[in-house]
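Written below as structure tokens is the structure these notes are about.
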Amino acid sequence: MLKIKDKLIVALDVDTLKKAKYFVDLLYPEVRLFKIGSQLFTACGPEAIKMVSNKGARVFLDLKFHDIPHTVYLSIGTGAACSINIMSPSAETKTRVEDTVMGPVFMMTVHTKGGRAMLEGAARAAKEKANELKIVKPYIVGVTRLTSDEEAPDTLQEVINAAKLAQDAGLDGVVCSAHEAEAVRKECGRDFIIVTPGIRLNGAQKDDQRRVTTAQEAIKAGSDFLVVGRPILEAKDPLKAVKEIIGSL
Ligand code: C5P
């Protein structure tokens, strides 16, 4: 069973390892899940994953793969394996799940627009690599429609269709806004993971996001994980912002 604070994923959307480490040192252990996306990964690659996992936290590697099935299959396998070789022994012992080690990367993303064969390849790669390395299989979740897209008449149906495709192809869940979370939960069942970005504190600015909600609304709608970047990174007191979000749940 996840604890409330383990629903919050802080997006390390920064451009240097130093800045990322500043936030991890400041927010851990209040936050134990951090997102590494294309900006930080482009800047420092697996070093960023190593820094987070050596602290004892875990990584949501959000690179939103969308390519030919073979390339995505290999990339997911590499992401899952990136896991093991770079983890310090102390971090490893902290995160045993029964008798299996949980790797640094606990979740990765692919684009549902990549189609069935690509999604199936991603799911297969995660399973095979986890078996081979005897690690807990990382969750593979499919991006449906970006939360920066305006809400359109077809948004809900498009997200539901993408979620059904992802589930059929063997993915563990999807990324969607809280506006669609309830319908996805209904359609795909309790165990399907729902990850929701576009979280804003009450009355806060939207930035480039469009389909935003508060953390509380997202959890109420059925989201399992909330991804929050700027409202925490740009807060005067990021730790206080984290505590406020956790407190609101
Ligand atoms: O700063 P903000 O809270 O808007 O950051 C949201 C994070 O979630 C960003 O890192 C963004 O890449 C990510 N994300 C998103 N929409 C998706 C998937 C991921 O905003 N559909």
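The values are calculated or read from the model by the stated rules, or taken from the named source; none is laboratory data. In this text, all values refer to a predicted model and were calculated from it rather than measured experimentally. Cβ coordinates were reconstructed from backbone atoms using ideal geometry, including for glycine residues, and neighbour counts include every protein chain displayed. What goes into the accessible areas is simple: the full protein's heavy atoms, side chains included, and nothing from ligands, DNA or RNA. Shrake-Rupley method; radii C 1.70, N 1.55, O 1.52, S 1.80 Å.
Things to note:
- The set of residues from the stretch 172-202 being more than 12 Å from the ligand (Cβ to nearest atom) and either part of a loop (DSSP other than H, G, I, E, B) or surrounded by fewer than 16 Cβ atoms within 10 Å (Cβ to Cβ) (or both) comprises Asp172, Glu182, Lys186, Glu187, Gly189, Arg190, Asp191, Phe192, Asn202.
- Considered as a group, the residues in the stretch 20-67 that are of a type in the set (Lys, Arg) and more than 22 Å from Thr78 (Cα to Cα) include one that is surrounded by the fewest Cβ atoms within 10 Å (Cβ to Cβ), and that residue is Lys21.
- Residues satisfying the stated conditions in the stretch 181-228, i.e. within 17 Å of the chain's Cα centre (by Cα) and among the acidic types (Asp, Glu): Asp191, Asp224
- Filter result (open to solvent by 10 Å² or more (accessible area, probe 1.4 Å) and within 11 Å of the ligand (Cβ to nearest atom)) within the stretch 203-224: Ala204, Gln205, Lys206, Asp207, Asp208, Gln209, Arg210, Val212
- Single match in Ala163, Ala91, Ala130, Ala122 (criterion: in a helix (DSSP H, G or I), modelled with pLDDT under 90, surrounded by 15 or more Cβ atoms within 10 Å (Cβ to Cβ) and of a type outside the set (D, E, K, R)): Ala91
- Residues of the stretch 107-119 classified as in contact with a helix residue (DSSP H, G or I) (Cβ under 9 Å, 6 or more places away or on another chain) and part of a strand (DSSP E or B), total: 3
- Scanning the stretch 212-235 for residues that are assigned to a strand (DSSP E or B) and under 18 Å from Phe34 (Cβ atoms) gives Phe225, Leu226, Val227, Val228.
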